[in-house]
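K.L.:
Below is a structure I'd like to ask you about.
The values are calculated or read from the model by the stated rules, or taken from the named source; none is laboratory data. Please read all numbers here as calculations on a predicted model, not as lab measurements. Positions of Cβ are generated from backbone atoms using ideal geometry, with glycine treated the same way; all protein chains shown enter the neighbour counts. Calculation scope for accessible area: heavy atoms of the full protein, side chains included, ligands and nucleic acids excluded. Shrake-Rupley method; radii C 1.70, N 1.55, O 1.52, S 1.80 Å.
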Amino acid sequence: MRARTTEGREFDLALEKLDGLKASLRGSVFVPGDAGYEESRTLWNAMIDRRPAVVARCLGTADVIAGVKFARENDLLLCIKGGGHNIAGLAVADGALMLDLSLMRGVWVDPAGKIAHAQAGCLLGDVDRETQVHGLATALGFVSLTGIAGLTLGGGFGYLTRRWGWTSDNVVGMDLVTADARLVRASGDENADLFWGLRGGGGNFGVVTGIDYALYPVGPEIVGGLVAWPASEAPRVLELYRTLAGQAPPELTLVALMRPAPAAPWLPKEMHGKPIVALLACYSGSPGEGEKVVAPIKSFGQPIGDVLVRRPYAQMQTLLDATQPKGRRYYWKSEYLPRVEPALCEKVIEHAARIRSPYSAVILFQIEGALNRLAAEHSPVGNRDARYVLNIAGSWERAEEDGANIEWAREAWKDMKPFSTGGTYLNFLSEGEGPERTEAALGKGLGRLAEVKAKWDPENVFRTNRNIKPA
Ligand SMILES: Cc1cc2nc3c(=O)[nH]c(=O)nc-3n(C[C@H](O)[C@H](O)[C@H](O)COP(=O)(O)OP(=O)(O)OC[C@H]3O[C@@H](n4cnc5c(N)ncnc54)[C@H](O)[C@@H]3O)c2cc1C
């Protein structure tokens, strides 16, 4: 079978060699044509269509160790799949051995110690589901089907970020299989250099098998949801957004978005497909206080839909899932913003009016708070001056629409880039964004990351990622 070496050279991998891999795994091994192969190699973004030579669907740490050993013994390119949600499709590489961790979804909660240990194949919703049993949560992202591994290794932000920082700021330890197939622990006390690199440097240092998160009391009931208006109201609604976000207590996270209205039951049928502006809010403190805080949103103008209500926190975490289904085509452009200026709001309105698909959106996420209070060198995510994230999120269905939708996203991005801090979010980079964009994401931390890489992965075995070359 055709496979690729770590350096990318094609070679023939003898099929009988796979017997050894099969014998050393508790999980399954798939090659093209096997049931399970297509499911494993398929990612959230249908733009990505790559074919690993072999898939090892791991069931535990021992399987990961066996997979890494096999790859090293056969000089086989390695790629790692967590939740498979990376926009650029970094989880899968042509001709590689793919370690598919998607069945490693156990979560153990220590409610007294306020720690959750999650296996690296967990989706965000797996962690929320188990921690909410105890009325606890950690800072994860906005869509419950995203993988914890990719999200945490690249930073991570969501409704709790204003209170507790990047997701990676809330990691207290990780278990990792190194390039020489050893299991090591990275935490404040053990392998501190590796621990630093893992909290933002992406999957550059090894295969993470488990992540320990600090937990905080949240919910189970919170106030959250969306209020929407016709796009003609956008100048006033975005001004309201600016004002409210500027005064918002840390428990409140506000997101503004513009897009064609989805065919959602809470929006009137006659508005489906028509341009709207919406505010998404989550108040993660007491629901009584939350109702007071979001009242100015609910009473503003004449909304066409309002589902900003008391609801379970775990449900809030799934609210956007249906708008981001697996199998559509996606292309994002993103920047960190120091503030939301009126001139930027005008650009948001202008480019939202040019959206070429029923599913695309221009989104402003509020993230300011805890992350700004830590020193730049606290972790490689850096960007501690970022207060908002701008995401120009292209989403459409057919390959023949690629050109128009990608062009829309790029044009909008070029026009709005002057409002950026100069930094961008590693985890929102799309396919084709080069090393200069990795530099924009990791900035000053890159030198130190290259040193950590040189110590833990000197031969650059883990390279199917936003790659950091060993120093
Ligand atoms: C619909 C959607 C919503 C999103 N919302 C948010 C959000 O609210 N907040 C946010 O911060 N981000 C968000 N993201 C971005 C998200 O953080 C990235 O897409 C992230 O890469 C997803 O992680 P994953 O495990 O699903 O990715 P994968 O595609 O599986 O992997 C991504 C990268 O991480 C590496 N990797 C995966 N698992 C491991 C592991 N165990 N050990 C070492 N390396 C590993 C892979 O090799 C690859 O390089 C969103 C993405 C999508 C598609």
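K.L.:
Where the accessible area of the stretch 130-272 is counted over protein heavy atoms with a 1.4 Å probe, how much of it, in %, is carbon and sulfur?
P.N.:
Values: 2300 of 4170 Å².
Carbon plus sulfur share of accessible area: 55 percent.
K.L.:
Let me ask you something else. For every other residue with a beta carbon closer than 14 angstrom to the beta carbon of CYS345, add +1 if it is Lys or Arg and -1 if Asp or Glu, then tell me the sum. Walk me through the numbers on the way to the answer.
P.N.:
Details: positive: ARG236, ARG242, ARG339, LYS347; negative: GLU233, GLU239, GLU341, GLU346, GLU350, ASP415.
Once all neighbours under 14 Å are counted, the net charge is -2.
K.L.:
Same structure again: Leaving out ligands, DNA and RNA, what percent of the accessible area of the stretch 1-81 is carbon and sulfur, probe 1.4 Å?
P.N.:
Details: 1810 of 3760 Å².
Taking all protein chains in place, the stretch 1-81 shows 48 percent carbon and sulfur surface.
K.L.:
Now a separate question. Residue separation times 0.36 nm, minus the C-alpha to C-alpha distance between ALA404 and ASP385: what's the value? Kindly include the intermediate steps, with their values, before the conclusion.
P.N.:
Details: separation 19, 0.36 × 19 = 6.84 nm, distance 3.32 nm.
Gain on extension, ALA404 to ASP385, equals 3.5 nm.
K.L.:
Residue-wise, which Karplus ³J(HN,Hα) couplings in Hz belong to the stretch 379-392, taking 6.51 cos²θ - 1.76 cosθ + 1.60, θ = phi - 60°, and x for glycine or proline?
P.N.:
8, x, 4, x, 6, 6, 9, 7, 10, 9, 10, 9, 10, 9
K.L.:
Ok, one more. Which one, LEU426, ALA120, THR61, is farthest towards the positive end of the dipole of the chain when Lys and Arg carry +1 and Asp and Glu -1 on their Cβ?
P.N.:
About the Cα centre, the residue reaching furthest to the positive side is LEU426.
K.L.:
Need one word for the stretch 298-371: rounded, prolate or oblate. Basis is the Cα gyration tensor (sqrt eigenvalues a ≥ b ≥ c); a/c below 1.5 gives rounded, then a/b vs b/c decides.
P.N.:
Values: a/c = 1.30, a/b = 1.12, b/c = 1.16.
It is rounded, given that a/c, with a ≥ b ≥ c, falls under 1.5.
K.L.:
To continue, here is another question. Can you pull out the trypsin sites (Lys or Arg not before Pro) in the stretch 364-471 that DSSP calls coil and that have at most 11 other Cβ atoms within 10 Å?
P.N.:
Filter output for the stretch 364-471: ARG398.
K.L.:
In the neighborhood of VAL92, defined by Cβ-to-Cβ distances under 10 Å, what is the net charge if each Lys or Arg adds +1 and each Asp or Glu adds -1? Display every interim value, and only then the final one.
P.N.:
Details: positive: ARG41, ARG50, ARG51, LYS81; negative: ASP49, ASP94, ASP100.
Residues near VAL92 contribute +1 overall.
K.L.:
Something else now. Place a +1 charge on the Cβ of each Lys and Arg in the stretch 388-469 and a -1 charge on the Cβ of each Asp and Glu, then give the dipole magnitude about the Cα centre in debye, rounded to the nearest 20. Don't jump to the answer; show the numbers that get you there.
P.N.:
Numbers: 12 positive and 14 negative charges, 127 e Å.
Magnitude of the dipole: close to 620 debye.
K.L.:
Something else about it: Can you give the net charge of the other residues whose Cβ lies under 10 Å from the Cβ of GLY121, counting K and R as +1 and D and E as -1?
P.N.:
Details: positive: ARG57, LYS81, ARG105; negative: ASP100, ASP126.
It works out to a net charge of +1.
K.L.:
With each pseudo-label sitting 7 Å past Cα toward Cβ, what's the GLU431-GLU397 distance in nm, one decimal?
P.N.:
Placing both labels 7 Å along Cα→Cβ, they lie 2.1 nm apart.
K.L.:
Express the accessible area of the stretch 114-173 per residue in Å², computed with a 1.4 Å probe while the remaining protein chains stay in the model. The partial results should precede the final answer.
P.N.:
Working: 1310 Å² over 60 residues.
Value for the stretch 114-173: 22 Å² per residue.
K.L.:
Compute the distance in nm between two label points, each set 7 Å from the Cα along the Cα-to-Cβ direction, one at GLU270 and one at THR243.
P.N.:
Calculated label separation equals 2.9 nm.
K.L.:
Let's test the formula: R0 of 51 Å, r as the Cβ-Cβ distance of THR323 and ASP12. What FRET efficiency results, to the nearest 0.05? Present the calculation step by step, with values, prior to reporting the outcome.
P.N.:
Working: r = 44 Å, r/R0 = 0.87.
Plugging the Cβ-Cβ distance into 1/(1 + (r/R0)^6) gives 0.70.
K.L.:
Using the basic label-point model (7 angstrom from Cα toward the beta carbon), what is the ARG26 to ASP180 distance in nanometres?
P.N.:
The modelled label-to-label distance comes out at 2.6 nm.
K.L.:
Hey, which of these cross-link pairs are over 20 Å Cα-Cα: LYS274/LYS414; LYS347/LYS414; LYS333/LYS417; LYS81/LYS326; LYS69/LYS469; LYS17/LYS469?
P.N.:
Numbers: LYS274/LYS414 25 Å; LYS347/LYS414 11 Å; LYS333/LYS417 10 Å; LYS81/LYS326 15 Å; LYS69/LYS469 22 Å; LYS17/LYS469 30 Å.
Violating the 20 Å Cα-Cα cut-off are LYS274/LYS414; LYS69/LYS469; LYS17/LYS469.
K.L.:
Estimate the FRET efficiency between ALA62 and ARG2 by the formula 1/(1 + (r/R0)^6), using the beta-carbon distance for r and 41 Å for R0, to the nearest 0.05. Before the final figure, lay out each step's value.
P.N.:
Details: r = 28 Å, r/R0 = 0.69.
Efficiency computed from Cβ-Cβ geometry: 0.90.
K.L.:
Right, something else. With a ≥ b ≥ c taken as the square roots of the eigenvalues of the C-alpha gyration tensor of the stretch 58-148, please select rounded if a/c is under 1.5 and otherwise prolate if a/b is larger than b/c or oblate if it is not?
P.N.:
Note, shape of the stretch 58-148 comes out oblate.
K.L.:
Then there's this: Short version: ³J(HN,Hα) in whole Hz for each residue of the stretch 262-277, in order, from phi by Karplus 6.51 cos²θ - 1.76 cosθ + 1.60 (θ = phi - 60°), x for Gly and Pro, what are they?
P.N.:
These are the phi-based 3J(HN,Hα) values: x, 7, 9, x, 7, 10, x, 3, 5, 8, 4, x, 8, x, 10, 10 Hz.
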